[in-house]
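The values are calculated or read from the model by the stated rules, or taken from the named source; none is laboratory data. Nothing here was measured: the structure is a model prediction, and the numbers come from that model. Note that each Cβ is placed from the backbone with ideal geometry, even for glycine, and that neighbours are counted across all protein chains shown.
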């Protein structure tokens, strides 16, 4: 029996062992956004460091940052002629609110049928542990076919605040051929998926100021320009009658969709009825000339995330509010840049905001979009691995969300990421009753084992 088959046999015989290890990690409430959980985040980091050391991974280190730790390690025994795979993961999780909607304690994992329930079970402790389990299956049965490095962070759920700085300061430590990032998922349990494009983000807070304080609407209505009205009219103008964004030159840098990409995205077979069922809206909306699937992954968007102004309590209060505020986000596609969009927003404000009010724009966060080469040797090796396990070729898709570390690694280390994972759309990530589909997860471990052998030169 060769090493590949020995590794697959080890994985098949150790499913309970892998799941028990995942549960140990899950039970640590590593909620990165809550200061009261900072000690738990550090505990999770140390748990992972200890696990890597137990596998014989070398130079394992827990690096301090201004907030939560980053773990690195390496296993470089395959020789300089073999590729080096950088395995990325994050061990922090989202808060559990609203706790009353959980059917069980969020950090006490439980299996019900084919599903394993707990916060972090899918996003992404389950995905991270599937990779560690694949690595362990190979290390314990033979020689590892390629070189591997590890980088695990504890701040992804709050924007990977210190990850880029860490990468910039540790380029040689992290230098690799490609990054394996299982922080994505599949379109369904029967369709393996590779995400080759991610949207970036530019997030803003806009405030409009009128009078120094709230005014009596009977005494000043018709004389003072109401900031809430100004904000409403301004927001209404951010899209035209084709539902396209009206910021100046907004589409100038947008990379167009090729015919090949549109055909590949159509293979996903996610028609309008899917979005209608998931959202319960009476009808869909969006940029003319594109399918719903193309709009959610391959086209830029601008959304109003929140509005606040004036009196919003029970009953009535006749005022002209002193100010209005809106949270506004844009999802960006290659080759847009968040700072460039920031400047476009400023230019639009200068032209369209009336002189009857003052305004203030803050850019709260930003991240660049990314796109990866689906024809690289490493990507093809991963696609072959997925097909070996699922018996069908993977689907390639662009994801509507943002994972900033992918663009960070492209920009700083010059490496692409293989972005996949074994979570499913109905895993309830970031929501109550998060869950992991165990049959898919076990298949994922097998496919990762195949990948490490496939990518060997």
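State whether one or more residues within region 397-407 are within 29 Å of residue 170 (Cβ to Cβ), surrounded by 23 or more Cβ atoms within 10 Å (Cβ to Cβ) and out of contact with any strand residue (DSSP E or B) (no Cβ under 7 Å at 6 or more places or on another chain). No, because not a single residue in region 397-407 is within 29 Å of residue 170 (Cβ to Cβ), surrounded by 23 or more Cβ atoms within 10 Å (Cβ to Cβ) and out of contact with any strand residue (DSSP E or B) (no Cβ under 7 Å at 6 or more places or on another chain). Residues in region 251-283 that are touching a helix residue (DSSP H, G or I) at 6+ places or on another chain (Cβ under 6 Å) and within 27 Å of residue 338 (Cβ to Cβ): 265, 275.
Applying the condition of being within 15 Å of residue 197 (Cα to Cα) and surrounded by 15 or more Cβ atoms within 10 Å (Cβ to Cβ) to region 242-261 and asking which residue is modelled with the lowest pLDDT yields 261.
Return the residue satisfying two criteria in turn: it lies in region 275-292 and is free of Cβ contacts under 8 Å to residues at least 12 places away in the same chain and in a helix (DSSP H, G or I), and of such residues it is surrounded by the most Cβ atoms within 10 Å (Cβ to Cβ). Step by step, filter region 275-292, then rank; the result is 276.
When you scan region 91-101, do you find a residue that is surrounded by fewer than 16 Cβ atoms within 10 Å (Cβ to Cβ), in a loop (DSSP other than H, G, I, E, B) and within 21 Å of the chain's Cα centre (by Cα), even just one?
Within region 91-101, the first condition is being surrounded by fewer than 16 Cβ atoms within 10 Å (Cβ to Cβ), and the residues that meet it are 97-101.
With in a loop (DSSP other than H, G, I, E, B) added as a condition, the list becomes 97-98.
Then keep just the ones that are within 21 Å of the chain's Cα centre (by Cα); that gives 97.
Within region 91-101, one or more residues are surrounded by fewer than 16 Cβ atoms within 10 Å (Cβ to Cβ), in a loop (DSSP other than H, G, I, E, B) and within 21 Å of the chain's Cα centre (by Cα).
Restricting attention to region 102-116, the residues being in contact with a strand residue (DSSP E or B) (Cβ under 7 Å, 6 or more places away or on another chain), touching a residue at least 12 places away in the same chain (Cβ under 8 Å) and surrounded by fewer than 24 Cβ atoms within 10 Å (Cβ to Cβ) number 4.
Taking (1) over 22 Å from the mean Cα position of the chain (by Cα); (2) within 17 Å of residue 432 (Cα to Cα) in turn, residue 50 satisfies each apart from (2). Within region 4-33, work out how many residues are in contact with a helix residue (DSSP H, G or I) (Cβ under 9 Å, 6 or more places away or on another chain) and farther than 18 Å from residue 444 by Cα. Total meeting the criteria: 9.
Only one entry of 138, 158 meets the criterion of being touching a helix residue (DSSP H, G or I) at 6+ places or on another chain (Cβ under 9 Å) and either in the same structural domain as residue 10 (by TED's automatic domain parsing) or surrounded by 24 or more Cβ atoms within 10 Å (Cβ to Cβ) (or both), and that entry is 138.
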